[in-house]
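Since every read-out is calculated from the coordinates, none of them should be taken as a lab result. All figures in this text were calculated on a predicted structure; none of them were measured in a lab. Glycine also receives a Cβ, built like all others from the backbone with ideal geometry; neighbour counts cover every protein chain displayed.
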Amino acid sequence: MRVQFATSNEHKVAEARGILAVLGWEVERVAIDYPEVRSPSVEDVALDGARYVADKLGGPVIVEDTGLFIRALKWFPGTYSKYVLNTVDVTGVLRLMEGVDDRYAEFRCAVGFCEPGGDPKAFAGAVPGTINHAPLGDGGFGYDPIFITEGESRTFAQMPVEEKNAVSHRRRALAAFVAWAREEMPGR
Ligand code: ITT
């Protein structure tokens, strides 16, 4: 089974390939940019993006939206995660967390799937963890150097990618998509 994935982020494609290969799917990257709606919900962003890209592309497609949601910051940066990373970076986020005891955070991911003219569907996946006091590790991307998932002592950036992929928000969202697709589109 194959799926087209519209994203500007090569790290996401690489991870999605690793995750979906285990589930028997192939991923093809499509370079179509799409506008992101302003909403606090990754599901809303994924639903809207999937519909837009499916219509533009004239074929079934997945898109994916991810954000880092930090409880002590009232779930900031959330769906603004890319903007925040591109402006103040992880060091800016760590500065906001100085002296903050509640380090709880979660990555939330939504995979949006749509066929042209159809209704988009969203599949969510989240992973709980904490914000470390300093960036650690060279692996992964984005916020990985400051995120430690529950039950771990290493940041996502310190874990081999297969280990991150086994537990990540992206893994959970893609697994939900595949479970649905097997049920709803068995011929694919
Ligand atoms: P798209 O074209 O797919 O939208 P993007 O990089 O804009 O690619 P998002 O808006 O979904 O992706 O990502 C928001 C930010 O969160 C962005 O800065 C990413 O680097 C970061 N991010 C996404 N997934 C991540 C992960 O698994 N680990 C760490 N950071 C991640």
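With charges set only on the Cβ (+1 for Lys and Arg, -1 for Asp and Glu), what does the dipole of the chain come to about its Cα centre, in debye to the nearest 20?
Charge dipole of the chain: 60 debye, to the nearest 20.
Provide, for the chain, the number of lysine pairs with alpha carbons under 24 Å apart, each pair being eight or more places apart or on different chains.
Lysine pairs meeting both conditions in the chain amount to 9.
What would the Debye equation give as log₁₀ I(q)/I(0) for the stretch 10-157 at q = 0.11 Å⁻¹, counting only Cα atoms as equal point scatterers?
So the normalised log intensities work out to -0.45.
For the modelled label position 7 Å from the Cα of N86 along Cα-to-Cβ, which residues of the stretch 1-34 have backbone nitrogen atoms closer than 18 Å?
What the label zone holds, given the 18 Å backbone N cut-off, is 6-13, 31-34.
Do the sum for the chain: with -39,500 (n - 2.57) for every DSSP H run of n ≥ 4, divided by all residues, what is the mean residue ellipticity at 222 nm, to the nearest 500 deg cm²/dmol?
Calculated from helices alone, the mean residue ellipticity at 222 nm is -11000 deg cm²/dmol.
Calculate, for R71 and R2, the FRET efficiency according to 1/(1 + (r/R0)^6) with r their C-beta to C-beta distance and R0 41 Å; round to the nearest 0.05.
About 0.60, to the nearest 0.05.
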